[in-house]
1. Does region 50-100 come out rounded, prolate or oblate by the C-alpha gyration tensor, with a ≥ b ≥ c the root eigenvalues, rounded set by a/c under 1.5 and, if not, prolate when a/b is larger than b/c and oblate if not?
2. Under 1.5 on a/c is rounded, so check that first for region 50-138, then, if it is not, pick prolate when a/b is larger than b/c and oblate when it is not; a ≥ b ≥ c are the square roots of the alpha carbon gyration tensor eigenvalues.
3. Under a 10 Å cutoff between Cα atoms, tell me which one of R58, R17, R201 has the largest fluctuation in the Gaussian network model of the chain.
4. Please report the spacing between the Cα centers of region 56-99 and region 151-198 in Å, no decimals.
5. If the only charges are +1 at each Lys and Arg Cβ and -1 at each Asp and Glu Cβ, what is the size of the charge dipole of the chain around the Cα centre, to the nearest 20 debye?
6. Out of the DSSP beta bridges found with both residues in the chain, what percent are antiparallel (nearest 5)?
7. Note down the relative contact order for region 1-50 as a percent, whole number, built from C-alpha pairs under 8 angstrom at least six residues apart.
8. Tell me, what HN-Hα J-couplings in whole Hz come from the Karplus equation 6.51 cos²θ - 1.76 cosθ + 1.60 at θ = phi - 60° for each residue of region 235-249, using x for Gly and Pro?
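The values are calculated or read from the model by the stated rules, or taken from the named source; none is laboratory data. From a predicted model like this one, the values you see are computed outputs, not experimental measurements. Here the Cβ is made from the backbone with ideal geometry for all residues, glycine too, and neighbour counts use every protein chain on show. To get the accessible areas, we keep the full protein, side chains included, count just its heavy atoms, and leave off ligands, DNA and RNA. Shrake-Rupley method; radii C 1.70, N 1.55, O 1.52, S 1.80 Å.
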Amino acid sequence: MRRLLIGGNWKMHKGIRETREFAKRLLKKELNISNIDVFVTPPFTSIPAAIEEFAGSRVTIGAQNMFWEEDGAYTGEISPVFLKELGVEWVIIGHSERRRIFGEMDKDLRKKIKMALHSRLKVVICIGETEEEREEKREKEVVEKQLKDSLFGIELDPERISIAYEPLWAIGTGKTAEPTDAEEMHRAIRGLLGEKGEEIRIIYGGSVKPHNAEELLKQDNIDGALIGGSSLDPEVFAEIIEIAGRVSC
Ligand code: 13P
C-alpha cells in the first residue's frame, strides 16, 4: 500500500519572513494528515526557519537541489551533509528547471541520487517530456532514457526513492495532463522499475490545483503530487492536502 505523498516545491519564492508566515497559516488549519506524507521545499536560506516553524508537526522539509560531494572546492554548491545537519528529510533531484536552465544532465543526477541516498535523504527524482517530444509521440522513450541514465542500477528503496512525473508543458502553464494520460504514463514508468515498481511512489507534477487534484490523485498509479504555484498559498495548499487525505481514506 503506497501512502500518498504531497510536496510543495516553492522554487525561488519565500524568504525567511514569508516562510514563517506560511507555516503559521498552514498549521492553523489543523489538517489531519496522519494518512499521507507532506513536505515543502523552501529555498536553502529559508530552510532553518521552516524547520523551526514546522517542528512537532507532520509537515517535513526538503531541499530543491544538492551537490554530489560532501565537501570540497565547489563554489556555490550545497552539501547533503549540511542539509542533514539542518534536519532536512527530502531532496528534489533533476527538476526540469535544473535540467533546462542549469544544464544538469542525467549522468550528474545519477551522482546526486547516489550521494543523497548515502546521506540518508529521501529523494524525489523528476522526469518528464517536452511538448515537442509529446507531439512526436516520444514521451515514453524520453522518460525511459531519463530513468535509465540517472537511476537504473541503483538499488530502489521505496522508503527513500520516489519519482515525480512532471511533463514540461504542464509546469506553470495551467495546462494539466489529462488524469487518464498521466495514469497511463505512471503505469508505464512503474513497469520500468522492475520488481520494486509496485512499492515506489510515482507522483505527478504540473499545474496541480484544488480543482483537478482529486481526479489525478484518484488514479491507481498516481501516488501524490509535486506542486509548484499552488503550494505558495497556505490556504490553497491546505485544500489540496485535504483532498489527498480524503482520497487516501
Ligand atoms: P506548477 O504546479 O506551478 O505547475 O509547478 C510544478 C512543478 O514544477 C513542481 O515541481
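1. Working: a/c = 3.00, a/b = 1.47, b/c = 2.03.
Taking the square roots of the gyration eigenvalues as a ≥ b ≥ c, region 50-100 is oblate.
2. Values: a/c = 2.47, a/b = 1.53, b/c = 1.62.
Judged from the Cα gyration tensor, region 50-138 comes out oblate (a/c at least 1.5, b/c at or above a/b).
3. Result: R17 has the largest fluctuation of those listed.
4. 21 Å
5. On the way: 37 positive and 45 negative charges, 104 e Å.
Using only the charged Cβ atoms, the result is roughly 500 debye.
6. Details: 0 of 30 bridges.
Percentage antiparallel, nearest 5: 0.
7. Working: 52 pairs, mean separation 30.0, N = 50.
Here the relative contact order equals 60 percent.
8. The phi angles translate into 5, 5, 4, 4, 4, 5, 4, 4, 4, 4, x, 5, 4, 7, 6 Hz.
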